[in-house]
Amino acid sequence: MVDPDPDPDPPQRRFGHAPLGRRGLIVGVMLLAFLAIVGGSRLMRGTTGGVGGITQALAPFPGFPVVTPARARIGTTGSVRSAYGEIAQQGRVDWRRQFILAGQPWQDPRLTVDVPPVGRAGLRARSVFMVGERIGDWAQQLMGIPGLLEVAHRKGQLSVAAVAAQTRDLVSCLTGVWGRSMISGAALVAVAPATQADWVAHGAASGVPSSCVSAASG
């Protein structure tokens, strides 16, 4: 695994703070998990059920337009690492803007990649898919959706297998939601695993996160 987008000037240093270290990282992860569960519980209490809570979590995000010629050129030049890095950086920028427009807090994820052994055209499609999947998963965590599913599981409404399946389907849909702004929906679906292709296509057809509520509601 390699990190094609190293940050020589990490956020802690840019804002004048010393890095927190491993202990701080563990505390941060635990805090995010706690907030996800608390947020999920709050949304569940504030609606008629899990589907309503997930709808509420996805609703504020305006969505992504279809790919333009300029965006289709992102990640088409340079080395494999730099091409993937360009796509990953654009994904961060795009999702950060979605969260800002939705009035929600955002934190950049760090992305790593196994470079797939395919040609240049296939490489870009695979890279868009992998970036979309990983940032989509990160975004749904920041939305508090894992907390919603965990609450539903604790109430006996969802099995562990159902939680895993709904999370996979939601992430696949969010991959299509963003991926359509980087590449054609057909090209994105072509590189998606068979178990994810339908939901990738569903997200790519609309570009709106709220259209993915059915993916996370069984």
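The values are calculated or read from the model by the stated rules, or taken from the named source; none is laboratory data. If you're wondering where the values come from, they're calculated on a predicted model, not measured in any experiment. Glycine also receives a Cβ, built like all others from the backbone with ideal geometry; neighbour counts cover every protein chain displayed.
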Exercise for the section: Under 7 Å between Cβ atoms, at least 6 apart or on separate chains: pull out the pairs that start in the range 84-106 with a residue that is in a helix (DSSP H, G or I) and end on any residue that is crowded, with 16+ Cβ neighbours inside 10 Å and among the hydroxyl-bearing types (S, T, Y). Expected result: Y84/S127; I87/S127; D94/S181
Problem - Matching helices (runs of 4 or more DSSP H) fully within the range 149-218 where at least 2 residues are touching an Asp or Glu at 6+ places or on another chain (Cβ under 7 Å) - result: 160-179
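With in contact with a Phe, Trp or Tyr (Cβ under 8 Å, 6 or more places away or on another chain), under 18 Å from S211 (Cα atoms) and either without any contact (Cβ under 8 Å) to a residue 40 or more places away in the chain or charged (D, E, K, R) (or both) as the only criterion, which of D169, D137 stands out?
Details: D137 fails: in contact with a Phe, Trp or Tyr (Cβ under 8 Å, 6 or more places away or on another chain).
After ruling out the rest, the residue left standing is D169.
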Completion exercise
In the range 96-133, anything of a type in the set (S, T, N, Q), under 22 Å from A192 (Cα atoms) and at pLDDT 90 or above is listed as S127
Completion exercise
Exactly one of G179, G156, G207, G132 is surrounded by fewer than 22 Cβ atoms within 10 Å (Cβ to Cβ) and touching a residue at least 40 places away in the same chain (Cβ under 8 Å), and that residue is G207
Practice task
Within the range 62-90, count every residue that is small (G, A, S), within 14 Å of the chain's Cα centre (by Cα) and farther than 14 Å from P209 by Cβ.
Solution key: 1
Handout entry: Condition met for S172 (closer than 20 Å to V200 by Cβ and in contact with a His (Cβ under 9 Å, 6 or more places away or on another chain))
Key = yes
Completion exercise
Scanning the range 164-218 residue by residue, the ones that are at pLDDT 95 or above, in contact with a Leu (Cβ under 7 Å, 6 or more places away or on another chain) and of a type in the set (G, A, S) total 5
